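The values are calculated or read from the model by the stated rules, or taken from the named source; none is laboratory data. Note that the structure is predicted; figures quoted are calculated from it, not measured. Heads up, the Cβs are rebuilt from the backbone with ideal geometry, glycines too, and the neighbour counts pull from every protein chain shown. Only protein heavy atoms, including side chains, enter the accessible area calculation; ligands, DNA and RNA are left aside. Shrake-Rupley method; radii C 1.70, N 1.55, O 1.52, S 1.80 Å.
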Amino acid sequence: MSALEQISTDVILRDGSTLRLRAPLAEDADQMLEFLAGLSERSRYLRFHGFPALGPKLVAPFLDPDWDERGALIGCHEGRMVALANFVRLRDRSAAEVAFTVADDFQGRGVGTRLLERLAELAGEAGIHEFVAEVLPENQNMMVVFRDAGFELTRELEGGSFEVRFPIAPTEHYREKVAERNHVAVRASLRPFFEPACVAVIGASSRRGNIGGELFRNILNADFTGAAYPVNLSGNPVAGVHGYTRVAEIPEKVDLVVICVPGEHVIPAAQEALEAGVKAIVVISAGFAEIGPEGVIRQERLLTLVREHGARLIGPNTLGMASAASRLNATFAPRAFPLGKIGFSSQSGALGLAVLERGEERELGLSGFASIGNKADVSSNDLLEYWEEDESTKLIMLYLESFGNPRAFARIARRVARTKPILAMKGGTTRAGMKAASSHTAALAGSDAAVDALFRQTGVIRTQTLDELVDVAALLNDMPLPRGRRVALLTNAGGLGILGADACEGAGLELPTPSEETRRALSEVMPVEASSANPIDMLGSATAKTFGDVLPIVLADPGIDALIVLFVPTVGVSEEGVGAAISRAAADTDKPVLCSFLSAKGVPATLRSAAPVPFFEYPEAAARALSRAADRADWLRRPAGTVPELDVDREAAEAVVAETLSRSDDAWLEPDQARRLLQAYGLPVVPERVVDTVDDAVAAAGELGYPVVVKSAAAGVHKTESGGVALNLGDEAEVRTAVDRIGLPVLLQPMIRGGAELLAGAVQDPTFGPLVAFGPGGVLAELIGQAQFRLAPLTDLDARELVRSGKAGRLVAGFRGAPPADEDALVDLLLRLSQLAEDVPEMTELDLNPVLALSDRAVAVDARVRVARVAAKHRTKSW
């Protein structure tokens with residue numbers, strides 16, 4: 001990727017339109033002069049504090065910026081320059097003067113703020129820490145841009161103008177302001193997809209079986225609230241609707257165009273629609289990135305065309321989209337989707353159909369559906385932004401095969417999940433990357449561990465199968481969340497109750513014994529032979545009336561948070577009556593009620609008569625779904641946590657890395673380098689000496705104090721596996737013997753006794769960024785496994801959760817009589833490790849193994865650190 005391509009960025013504006021920002025080249029001189037000449041006199045005066053001569057000398061400083069002494073960006077829309085921003089480095093090399101101007105007809109849309117965001121990012125990469133701007137007092141628009149951007153301003157009136165200064169390092173407040181702008185803009189950009197007044201289908205033929213024609217008929221059959229028009233080469237009518245040969249011929253303003261022509265004809269069709277003013281395009285056609293390099297180029301051309309016109313794109317290679325708000329079914333699915341309150345984004349069209357069919361069987365309806373296909377533009381992140389404030393959407397489902405921007409997903413999903421459940425199924429997980437791993441942390445990690453960490457931290461409910469996705473959606477669609485994990489099982493079949501109990505225990509649910517008051521009340525309405533324990537077995541003779549009497553009693557028990565009813569039809573028992581009893585009980589409680597109705601007749605309609613009760617094929621499915629709902633309730637009760645500000649020496653750490661990378665692009669740090677890196681971030685390490693002779697080893701042992709440990713000082717070696725460690729050496733002779741066996745150079749440390757052996761580490765995932773690991777350590781780290789992972793940066797609560805969870809948590813708490821370890825010290829260690837991984841991406845793998853968790857401290861007694869040059873990454877999409 002060229003330097004110019006790395007700088008080019010697409011931004012999204014307040015009104016939902018997009019704008020491409022890029023560096024101005026020498027050949028842009030005439031266009032830039034035209035842009036400046038086209039400004040109103042007031043805009044030109046405010047930008048230059050006067051009326052400079054319009055000529056080559058005026059624009060020369062902006063062209064071909066070197067991004068060290070000077071930087072510049074232009075914004076282009078439909079081939080026209082509409083914005084210019086630049087910075088010039090000052091004598092104080094840490095500061096630069098910044099200025100920008102926007103075409104009069106583009107002002108008020110947030111262009112200036114987006115220019116400032118991107119310019120600050122590029123200036124920061126050049127080592128600039130502060131922007132300075134000279135602003136005339138009457139230039140209130142520029143003041144508003146600076147104020148609203150989220151930077152902390154200082155301003156001082158000097159010589160008739162204000163000198164405005166602000167640091168450009170991104171603070172949490174600044175990131176929040178950017179996220180707010182993105183949210184408003186993305187929602188506006190997607191409105192034409194979900195609330196269009198006029199839709200055109202390009203490639204809609206009157207011939208039956210033609211995808212475009214069938215899709216157009218689907219729009220008509222769904223009773224679309226707006227106007228729909230077919231567009232085809234002949235302008236023939238379709239399904240009785242007048243046809244056109246071009247979008248521009250349609251007598252109404254078209255909001256949304258759906259393209260269903262062969263892949264090689266998509267770009268001309270899209271261009272014609274965009275030139276007609278269309279801002280939302282769905283490309284059904286295949287023949288793009290999914291077919292290889294040729295398709296990738298075609299897809300990039302399509303996206304560039306769309307962005308140059310300030311529009312948005314769903315697809316290509318998609319099933320289409322649907323919206324309940326406008327009763328739009330712009331898909332080629334075989335039938336219309338039921339209306340409801342679930343927003344569903346699927347990266348696979350076929351799989352999306354499968355989920356919808358299963359959901360329809362469970363009477364689940366959609367508020368919106370988008371098959372995002374190759375997701376060249378619109379992604380699940382965008383759809384989360386849209387559905388967050390959509391009043392008709394109460395639940396969001398995602399089928400994901402890849403993450404384009406997992407950092408953005410984490411930020412958006414964490415916010416959205418606070419108000420709406422997000423269910424996700426992730427396909428394409430693999431641990432193939434482990435094969436090349438050379439540290440314990442990397443070997444234990446994998447793409448699936450990263451996905452788990454991402455979903456856990458953001459409150460996304462992960463499901464493993466399509467059936468589970470639909471099961472959990474059915475539960476959350478109809479029922480409140482449980483207040484806890486205490487479940488009652490009510491059944492008319494003892495064996496089924498036992499299976500249900502096993503399923504609940506396996507899903508992490510509890511089956512408490514009902515209270516004495518509950519059991520007394522049950523004894524009055526159940527046979528003597530029945531069991532009022534948990535599971536509550538009413539026996540096969542239980543009638544619909546028995547269910548009606550027992551259900552309210554169980555649900556009234558304050559020690560019960562949820563109820564699962566397991567029913568098997570018996571002779572003489574009305575299945576409809578039982579269903580009605582369950583539905584009435586669900587309507588009269590604020591606790592979730594689930595049902596597994598094992599009947600050859602299927603589920604009776606009465607199960608939804610008073611309140612809709614989610615039903616499940618087997619007890620195991622009900623238990624899994626309830627466990628997921630309980631997980632969500634736990635996450636909502638959990639405070640958000642904060643990322644603490646730690647006292648670290650980032651420059652010292654970066655110097656260690658630079659020192660190594662000056663000699664090799666990929667290397668393990670020497671022990672003294674690893675030590676300096678860790679100490680720069682305040683990570684606790686044991687005293688040590690690295691020596692090159694046996695006599696120096698003996699001397700070092702004396703300084704450290706016996707007993708000592710001798711280890712190989714070779715960079716990156718697994719010391720135990722290679723025989724490169726000797727423990728608990730009590731005298732000079734033992735030290736000499738150990739050194740002779742291990743081989744010089746060696747590292748000596750004092751022997752530290754006691755404490756749990758733990759593993760703490762970090763690894764840079766190529767997709768998700770830095771992952772922090774914590775688990776059992778020592779020589780059995782990989783054999784025991786059970787390491788837990790979280791994405792950096794960790795909050796204080798993330799770190800404490802890691803310390804307390806899994807097998808490592810049992811060790812920290814004091815296993816089999818051992819004293820508890822210093823939890824706070826371990827939390828601090830993980831937070832510092834997280835910040836190191838976040839700040840220094842060149843640190844690709846780090847193992848602290850073992851970390852000795854003592855009662856009054858934690859200390860790392862061995863460290864292995866690998867560093868490598870990081871390939872420059874750039875995403876054209878900035879939101």
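One line per residue, one yes/no per condition, for (1) assigned to a helix (DSSP H, G or I); (2) surrounded by fewer than 16 Cβ atoms within 10 Å (Cβ to Cβ):
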| site | (1), (2) |
| --- | --- |
| Lys253 | no, yes |
| Val258 | no, no |
| His265 | yes, yes |
| Glu272 | yes, no |
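Determine if region 308-316 includes at least one residue that is modelled with pLDDT under 95, of a type in the set (D, E, K, R) and not in a loop (DSSP other than H, G, I, E, B).
yes
Select from region 670-682 the residues that are in a loop (DSSP other than H, G, I, E, B) and in contact with an Asp or Glu (Cβ under 9 Å, 6 or more places away or on another chain) and write down the one among them that is surrounded by the most Cβ atoms within 10 Å (Cβ to Cβ). Let's see the steps before the verdict.
Step one: list which residues in region 670-682 are in a loop (DSSP other than H, G, I, E, B), which gives 670, 681-682.
Narrowing further to those that are in contact with an Asp or Glu (Cβ under 9 Å, 6 or more places away or on another chain): 681-682.
Values: Tyr681: 23, Gly682: 16.
Filtering first and then ranking leaves Tyr681.
Please list, ordered by first then second residue, the pairs with beta carbon atoms under 6 Å, 6 or more apart or interchain, first in region 61-87 and open to solvent by 60 Å² or more (accessible area, probe 1.4 Å), second among the β-branched types (Val, Ile, Thr).
Arg70/Val88
Have a look at Gly494, Gly484 and point out the one that is closer than 23 Å to Ile422 by Cα and either surrounded by fewer than 20 Cβ atoms within 10 Å (Cβ to Cβ) or in contact with a His (Cβ under 9 Å, 6 or more places away or on another chain) (or both).
None of the others qualify; the one that does is Gly484.
Given the conditions (1) open to solvent by 30 Å² or more (accessible area, probe 1.4 Å); (2) in a loop (DSSP other than H, G, I, E, B), and given that Lys341 satisfies all but one, which numbered condition is not satisfied?
The one condition Lys341 does not meet is (2).
Given (1) open to solvent by 20 Å² or more (accessible area, probe 1.4 Å); (2) at pLDDT 95 or above; (3) in contact with a helix residue (DSSP H, G or I) (Cβ under 7 Å, 6 or more places away or on another chain); (4) of a type outside the set (Val, Ile, Thr), where does Ala200 come up short, assuming only one miss?
(1)
Filtering region 135-174 down to residues that are among the aliphatic types (A, V, I, L, M), farther than 28 Å from Glu645 by Cβ and part of a strand (DSSP E or B), which residue is most open to solvent (accessible area, probe 1.4 Å)?
The extreme case among them is Leu157.
Taking the conditions exactly as written (in contact with a helix residue (DSSP H, G or I) (Cβ under 6 Å, 6 or more places away or on another chain) and either closer than 30 Å to Asp382 by Cβ or hydroxyl-bearing (Ser, Thr, Tyr) (or both)), does Pro52 satisfy them or not?
no
Search region 148-160 for residues that are aromatic (Phe, Trp, Tyr) and pair each with any residue that is in a strand (DSSP E or B) when their beta-carbon atoms are under 6 Å apart and the residues are at least 6 apart or on different chains.
Partner pairs satisfying both residue conditions: Phe151/Phe166.
Got a number for residues in region 497-522 being under 23 Å from Gln464 (Cα atoms) and either assigned to a helix (DSSP H, G or I) or open to solvent by 70 Å² or more (accessible area, probe 1.4 Å) (or both)?
We begin by selecting, within region 497-522, every residue under 23 Å from Gln464 (Cα atoms); these are 499-510.
Subsequent filtering for residues that are either assigned to a helix (DSSP H, G or I) or open to solvent by 70 Å² or more (accessible area, probe 1.4 Å) (or both) retains 499-506, 510.
Total satisfying the criteria: 9.
What are the residues in region 606-636 that are in a loop (DSSP other than H, G, I, E, B) and not acidic (Asp, Glu), if any?
Matches in region 606-636: Ser609, Ala610, Ala611, Pro612, Val613, Pro614, Tyr618.
Here are some residues: Ala286, Ala336. Which one is assigned to a loop (DSSP other than H, G, I, E, B), touching a residue at least 60 places away in the same chain (Cβ under 8 Å) and open to solvent by 30 Å² or more (accessible area, probe 1.4 Å)?
On inspection, the qualifying residue turns out to be Ala336.
Is there a residue being outside any strand (DSSP E or B), among the acidic types (Asp, Glu) and open to solvent by less than 40 Å² (accessible area, probe 1.4 Å) anywhere in region 572-585?
So far as region 572-585 goes, yes, one or more of its residues are outside any strand (DSSP E or B), among the acidic types (Asp, Glu) and open to solvent by less than 40 Å² (accessible area, probe 1.4 Å).
Which residue out of Asn405, Asn374 is more than 16 Å from Leu423 (Cα to Cα) and touching a Pro at 6+ places or on another chain (Cβ under 6 Å)? Please lay out each step first, then the result.
Working: Asn405 fails: touching a Pro at 6+ places or on another chain (Cβ under 6 Å).
Only one candidate passes the filter, namely Asn374.
I'd like the full set of residues that are among the β-branched types (Val, Ile, Thr), under 17 Å from Leu555 (Cα atoms) and without any contact (Cβ under 8 Å) to a residue 60 or more places away in the chain, limited to region 477-529.
Thr513, Thr518, Val525
When you go through Thr429, Thr419, Thr393, Thr458 one by one, which is the residue that is open to solvent by 10 Å² or more (accessible area, probe 1.4 Å), of a type in the set (S, T, N, Q) and modelled with pLDDT of 95 or more?
Thr419
So if I check each of Ala655, Ala610, Ala640, Ala701, which one is surrounded by 13 or more Cβ atoms within 10 Å (Cβ to Cβ) and under 35 Å from the mean Cα position of the chain (by Cα)? Steps first, answer last, please.
Values: Ala610 fails: under 35 Å from the mean Cα position of the chain (by Cα); Ala640 fails: surrounded by 13 or more Cβ atoms within 10 Å (Cβ to Cβ); Ala701 fails: under 35 Å from the mean Cα position of the chain (by Cα).
Matching residue, one of Ala655, Ala610, Ala640, Ala701: Ala655.
Scan Asp30, Asp15 and give me the residue that is modelled with pLDDT of 95 or more, touching a helix residue (DSSP H, G or I) at 6+ places or on another chain (Cβ under 8 Å) and open to solvent by 60 Å² or more (accessible area, probe 1.4 Å). Reasoning before the result, please.
Details: Asp30 fails: touching a helix residue (DSSP H, G or I) at 6+ places or on another chain (Cβ under 8 Å).
None of the other options fit; the residue is Asp15.
Please verify whether Ile560 is under 20 Å from Ala623 (Cα atoms) and open to solvent by less than 10 Å² (accessible area, probe 1.4 Å), treating the condition exactly as stated.
yes
Pick from Gly359, Gly352, Gly368: which is part of a strand (DSSP E or B), open to solvent by less than 10 Å² (accessible area, probe 1.4 Å) and not basic (Lys, Arg)?
Going through Gly359, Gly352, Gly368 in turn, just one is part of a strand (DSSP E or B), open to solvent by less than 10 Å² (accessible area, probe 1.4 Å) and not basic (Lys, Arg): Gly368.
Which residues, taken from region 793-835, are among the aliphatic types (A, V, I, L, M), under 21 Å from the mean Cα position of the chain (by Cα), buried (at least 19 other Cβ atoms within 10 Å of the Cβ) and outside any loop (DSSP other than H, G, I, E, B)? Can you show your working first?
Residues of region 793-835 among the aliphatic types (A, V, I, L, M): 794, 797, 799, 802-803, 808, 811-813, 818, 821, 825-827, 829-831, 833.
Pick out the ones that are also under 21 Å from the mean Cα position of the chain (by Cα) and you get 794, 797, 799, 802, 831.
In the following step, the residues that additionally are buried (at least 19 other Cβ atoms within 10 Å of the Cβ) were identified as 794, 799, 802, 831.
Selection gives Ala799, Leu802, Leu831.
For region 844-869, enumerate the residues that are closer than 16 Å to Glu654 by Cβ and either surrounded by 24 or more Cβ atoms within 10 Å (Cβ to Cβ) or out of contact with any strand residue (DSSP E or B) (no Cβ under 9 Å at 6 or more places or on another chain) (or both).
Leu846, Val865, Val867
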